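Read through the structure below, which is laid out as structure tokens, and then see the notes.
Readers should treat all values here as calculations from the given coordinates under stated rules, not as data from a laboratory. Here the structure is a predicted model, which means the values were calculated and not measured. Glycine gets a Cβ as well: all are built from the backbone with ideal geometry, and neighbour counts include every protein chain shown.
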Amino acid sequence: MKKLLLFLFLASSDLAGAQIKGIQSYDNAYRNFTAGNFQEAIKNYNEYLKSYTNDDKAYFERGMCYESIGKPDDALRDYSTALNISPYKSKYLSARGYTYLKTGIPLNAYNDFTNAIQYSPNDDKAYYGRMNANLDLQNLNKALTDINAAINLDPTNPLYYYPRAIIYAYQNDTANFYNDLEKLIYQYPSSFFASYRSQTVVLLLDNVQNNIDNLTDMLRIANDDYMLYFRRAFNYYLYRKYTNALEDLTNAVKYCPDTNSRLIILAKALADNCVKFREEQK
């Protein structure tokens with residue numbers, strides 16, 4: 001009987017020790033995750049998930065770590081595991097949707113964002129994500145509806161006015177295009193992208209770089225198009241490349257045929273911001 005009691009005691013001690021080790025692993029994982037030490041956090045999550053295989057939050061956070069170090073396939077695997085455990089969490093659906101967007105699978109992204117909106121209808125970031133999916137699927141009107149929903153939910157977020165301005169540009173709605181750019185020029189905080197590295201910001205910065213590349217190709221053919229210069233200047237501005245933006249703004253003003261154009265007014269205001277923010281960078 002004593003041997004049996006000793007065995008039970010040792011077994012329970014081993015279990016308790018494993019649980020304590022698992023809890024410590026999660027604490028270390030979360031601390032490294034929030035500190036941006038993603039490789040170390042992944043090691044800690046791996047240790048923790050050996051004992052706690054049904055912790056959807058840990059899978060989700062490890063997925064964020066994988067995404068942060070450029071391993072989208074591993075991130076998708078962890079997001080999917082988290083959703084298998086907790087299928088109705090809009091945060092998980094949106095995270096996987098953004099990863100699908102970055103890996104070029106917009107239809108899967110659209111479905112994830114649609115489900116996220118169904119479970120959390122006030123999630124502005126889900127509407128923003130579905131807007132991007134609709135753009136990739138070339139559904140401009142649906143994209144405009146989604147970005148309007150995001151703006152209604154969070155009207156002070158400067159991220160949302162830029163893609164809406166681009167949609168208006170595609171639709172040749174010049175008045176609303178200028179209205180949204182005006183909001184960004186007079187309200188855009190210089191430190192926004194530096195201090196906020198969410199999936200939303202990362203995706204927008206990817207889109208901004210793509211826009212710069214596309215506009216550069218277009219300007220090789222039409223090197224006196226003032227609107228192309230202005231649009232590229234604004235993308236440089238968002239990317240915090242203020243010297244490049246100032247060069248393009250000079251050309252936008254130079255080639256604009258109407259000296260009383262609203263574009264000229266906005267270009268000068270944007271140039272003032274570029275000079276100011278460039279000084280802040282030094």
Enumerate the calculated ³J(HN,Hα) couplings along segment 125-135 in order (Karplus 6.51 cos²θ - 1.76 cosθ + 1.60, θ = phi - 60°), each rounded to whole Hz, writing x wherever the residue is Gly or Pro. 5, 5, 5, 4, x, 5, 4, 5, 5, 5, 4
Toward the positive end of the charge dipole of the chain, about the Cα centre and with charges on Cβ (Lys, Arg +1; Asp, Glu -1), which of PRO163, THR99, LEU137 goes farthest? THR99
Put in order of increasing Cβ neighbours within 10 Å, starting from the fewest, LEU101, LEU93, LEU263 give LEU263, LEU101, LEU93
Need the full-extension length gain, GLN118 to THR145, defined as separation in residues times 0.36 nm minus the C-alpha distance. One decimal, nm. 8.2 nm
Okay, helix-only estimate at 222 nm for the chain: each DSSP H run of n ≥ 4 adds -39500 (n - 2.57), divide by all residues, round to 500 deg cm²/dmol; what do you get? -26500 deg cm²/dmol
What are the ³J(HN,Hα) couplings of segment 239-246, residue after residue, when phi is run through the Karplus curve with 6.51, -1.76, 1.60 and θ = phi - 60°? Round to Hz, x for glycine and proline. 7, 6, 9, 6, 5, 4, 4, 4
Charges at C-beta only: +1 for Lys and Arg, -1 for Asp and Glu. How large is the resulting dipole of segment 46-191 about its Cα centre, in Debye rounded to 20? 140
In a Gaussian network model over the chain where Cα atoms closer than 10 Å are linked, find which of TYR160, TYR237, TYR255 has the largest mean-square fluctuation. TYR255
Excluding residues fewer than 8 places away in the same chain, name every one of the lysines whose C-alpha is closer than 20 Å to that of LYS91. LYS57, LYS71, LYS102, LYS125
Dipole magnitude of the chain about its Cα centre, charges +1 at Lys/Arg Cβ and -1 at Asp/Glu Cβ only, in debye to the nearest 20? 720
Straight-distance crosslink candidates among aspartates and glutamates, where the alpha carbon sits under 13 Å from LYS89 and sequence neighbours closer than 8 are dropped: ASP56, ASP112, ASP123
From the coordinates shown, Cα Rg over 2.2 N^0.38 Å corresponds to which of (i) 1.58; (ii) 1.28; (iii) 1.03: (ii)
Using modelled amide H (1.01 Å from N, peptide plane; none on Pro or chain starts), what sits under 5 Å from the amide H of ASP123, excluding residues fewer than 5 places away? none
For segment 205-265, with +1 on Lys and Arg beta carbons and -1 on Asp and Glu, the positive-most of MET227, VAL208, ASN260 along the dipole: ASN260
Just to check I understand the Karplus step: with θ = phi - 60° and J = 6.51 cos²θ - 1.76 cosθ + 1.60, what whole-Hz values come out for segment 138-152, glycine and proline as x? 6, 9, 4, 5, 5, 4, 5, 4, 5, 6, 5, 5, 4, 5, 4
